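Participant: Pasting in a structure now, in structure tokens, and then I'll have a few things to ask.
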Amino acid sequence: MEVFLIKLLQFMLSISLLVLLHEGGHFFFSKLFGVRVEKFYLFFDPWFHIFEFKPKNSDTTYGMGWLPLGGYCKIAGMIDESFDTEQMSKPAEPWEFRSKPAWQRLLIMIGGVTVNFFLALFIYSMLMFHWGEDYIPTEKMSYGMMYNSDAKALGFQDHDILLGTELKTFVHFDDGSSITDAYRTLSKSKEAYVLRKGKKVTVKLPEEGMNLLTMIKQNPHFVVPYIPNEVDSVVAGTPADKIGMKKGDKILALGGKKVSSFNEISDVLGRLEDAMTDAKTPKDSLKIRTTTVVFAHAGSAVADTAKIVLTPELKLGYQPLAYSKLYPSKHISYGFLESFPAGAKYGMNVLKGYISDMQYVFSAEGVKSLGGFGAMGNMFPAEWDWYIFWKMTAFLSIILAFMNILPIPALDGGHVLFLLYEMITRRKPSENFMVYAEYVGIAILLLLLIVANLNDVLRWIGVL
């Protein structure tokens, strides 16, 4: 429960900040051009609100709703999700959105996306300034990588150090974002370069490319950093602690299968997780969780075999060696002014990768990969970490900016599309058309919301 609350608090703080600043972008340009903002709300308020107030001599009511699915800035004289057709049936007032020139309305509509985009770049820049960059150069990862059967069929071998492809050199391969970026590059490349026993070797990749989602979702994965089978620490009270496992021990076999790395241990646990989906009773579950482990204490040539009952989450209760204990890391510090180009470059790479991955959304596997609020919440760590919090907030800000600029009615991008049409043709779409377009857009968004959050539920119960 504590882990859930910590993740929830981080997610709620992050999304609240992003929603407020996004709507603040619309608010700023509205006020700049003399457009009246009737309501400015964090979260939605169907039927009732948590609180609201209206400052003296102000046209705007500020408040907080109870439904944390976003927020809104109700701009006078605009067809939006409020469907205030009564106001639209009256003669246009000079302080209404519809009375303003198209270019002003365009700036009002892109205000939120603009704020989110530059906010992300600013956060990345400040991360560079305050923490700098720490990474392990790929060529220093002397244990190399582990490859699955598909990768080995192409010519990769376990312990090959993956240096890059003809498209890109892999500077580092030691965290989730760098590994995902490497997968993305491999999927589009024709050949890969590895360091094998001190020699650079070229591995030919399929001419037609590879499917990124398949590479990521395979178990075992196409390629992951090799992690030795040595125990770094044991959590008190866990199955590993109960059988006497200690720091420095080596796990030699699990469930009757020999293992020589943490990667292989993860593969065995992954298969047990698959088997758990077929468990119909607590007895079935207990049977799957009951297994054997063979391990040797540090400096001992004698192996111990013990019967073990894994936790309900299929954990042994130990931590493997961290990358920082295996390899020398490199640190780059940035001055205040230096941090801005570094942060902008990092943010643009994140955005390019996200746009590139959008092609998979329209496939069957892509739909299954959609995640809702649960998936976003799980992006945050189980312990409060300000570095990761701000990094995830910047990433969500990039996503919010990109998703909102998509040309879907009810999103900012839909309004931008109609405004561009008006500016090019000198003709406004009719109000009836705009109302129906808004209905269609909201229906699309609700469908996506249902599918994404249903996927979260299906993953939680082990169906996906």
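The values are calculated or read from the model by the stated rules, or taken from the named source; none is laboratory data. Keep in mind that what you see is a predicted model, and the values were worked out from it rather than measured. Reconstructed Cβ throughout: ideal geometry from the backbone, glycine too, with neighbour counts over all protein chains shown. Protein only, heavy atoms only, side chains kept; ligands, DNA and RNA dropped before computing areas. Shrake-Rupley method; radii C 1.70, N 1.55, O 1.52, S 1.80 Å.
Participant: Go through GLY77, GLY63 for me and flag whichever is open to solvent by less than 70 Å² (accessible area, probe 1.4 Å) and touching a His at 6+ places or on another chain (Cβ under 6 Å).
Facilitator: GLY63
Participant: Just one of (1) under 19 Å from ALA236 (Cβ atoms); (2) out of contact with any strand residue (DSSP E or B) (no Cβ under 7 Å at 6 or more places or on another chain); (3) open to solvent by less than 30 Å² (accessible area, probe 1.4 Å) trips up GLY317, so point out which.
Facilitator: Among (1) under 19 Å from ALA236 (Cβ atoms); (2) out of contact with any strand residue (DSSP E or B) (no Cβ under 7 Å at 6 or more places or on another chain); (3) open to solvent by less than 30 Å² (accessible area, probe 1.4 Å), GLY317 violates only (2).
Participant: Spot the failing condition for VAL235; the list is (1) at pLDDT below 90; (2) surrounded by 15 or more Cβ atoms within 10 Å (Cβ to Cβ); (3) closer than 16 Å to ILE308 by Cβ; (4) of a type in the set (A, V, I, L, M, F, W, C), and only one is missed.
Facilitator: (2)
Participant: Considering every residue within the range 146-157, establish whether at least one is open to solvent by less than 80 Å² (accessible area, probe 1.4 Å), under 24 Å from TYR346 (Cβ atoms) and among the hydrophobic types (A, V, I, L, M, F, W, C).
Facilitator: Looking through the range 146-157, none of the residues is open to solvent by less than 80 Å² (accessible area, probe 1.4 Å), under 24 Å from TYR346 (Cβ atoms) and among the hydrophobic types (A, V, I, L, M, F, W, C).
Participant: While we're on this one: Of everything in the range 262-288 that's open to solvent by less than 60 Å² (accessible area, probe 1.4 Å) and either of a type in the set (Val, Ile, Thr) or not in a helix (DSSP H, G or I) (or both), which residue is modelled with the lowest pLDDT?
Facilitator: ALA279
Participant: Going by the conditions given, is THR291 of a type in the set (Ser, Thr, Tyr) and not in a loop (DSSP other than H, G, I, E, B)?
Facilitator: Criteria met by THR291.
Participant: Please determine whether any residue of the range 309-328 is farther than 24 Å from HIS172 by Cβ, within 25 Å of the chain's Cα centre (by Cα) and not aliphatic (A, V, I, L, M).
Facilitator: Yes, the conditions are met somewhere in the range 309-328.
Participant: Which residue pairs have Cβ atoms under 9 Å apart, sit 6 or more places apart or on different chains, and have a first residue in the range 352-368 that is surrounded by 14 or more Cβ atoms within 10 Å (Cβ to Cβ) and a second that is modelled with pLDDT under 65 and among the aliphatic types (A, V, I, L, M)?
Facilitator: Once the first residue is surrounded by 14 or more Cβ atoms within 10 Å (Cβ to Cβ) and sits in the range 352-368, its partners that are modelled with pLDDT under 65 and among the aliphatic types (A, V, I, L, M) give LYS368/LEU464.
Participant: Further question: Applying the selection to the range 379-407, what residues are loosely packed, with under 15 Cβ neighbours inside 10 Å, in contact (Cβ under 8 Å) with a residue 24 or more places away in the chain and part of a loop (DSSP other than H, G, I, E, B)?
Facilitator: Selection gives ALA382, GLU383, TRP384.
Participant: Follow-up. From TYR360, TYR323, TYR387, TYR327, which residue is touching a Lys or Arg at 6+ places or on another chain (Cβ under 9 Å) and of a type in the set (Ser, Thr, Tyr)?
Facilitator: TYR327
Participant: Name the single residue that is modelled with the lowest pLDDT among those in the range 84-141 being polar (S, T, N, Q) and open to solvent by 20 Å² or more (accessible area, probe 1.4 Å).
Facilitator: Result: THR85.
Participant: Moving to a separate point now. Looking for something open to solvent by 20 Å² or more (accessible area, probe 1.4 Å), of a type in the set (D, E, K, R), touching a strand residue (DSSP E or B) at 6+ places or on another chain (Cβ under 8 Å) and at negative phi - is there at least one such residue anywhere in the range 211-222?
Facilitator: No, that holds for no residue.
Participant: Right, something else. How many of the residues in the range 165-210 are assigned to a loop (DSSP other than H, G, I, E, B) and touching a residue at least 40 places away in the same chain (Cβ under 8 Å)?
Facilitator: Of the residues in the range 165-210, 5 are assigned to a loop (DSSP other than H, G, I, E, B) and touching a residue at least 40 places away in the same chain (Cβ under 8 Å).
Participant: Against the conditions (1) farther than 23 Å from SER178 by Cα; (2) open to solvent by 30 Å² or more (accessible area, probe 1.4 Å); (3) in contact (Cβ under 8 Å) with a residue 40 or more places away in the chain, where does ASP412 fall short? Just the number, please.
Facilitator: Failing condition for ASP412: (2).
Condition check ((1) within 25 Å of LEU321 (Cβ to Cβ); (2) small (Gly, Ala, Ser)) across all residues:
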residue: GLY255; (1), (2): yes, yes
residue: PHE262; (1), (2): yes, no
residue: LEU272; (1), (2): yes, no
residue: MET276; (1), (2): no, no
residue: THR281; (1), (2): no, no
residue: SER300; (1), (2): yes, yes
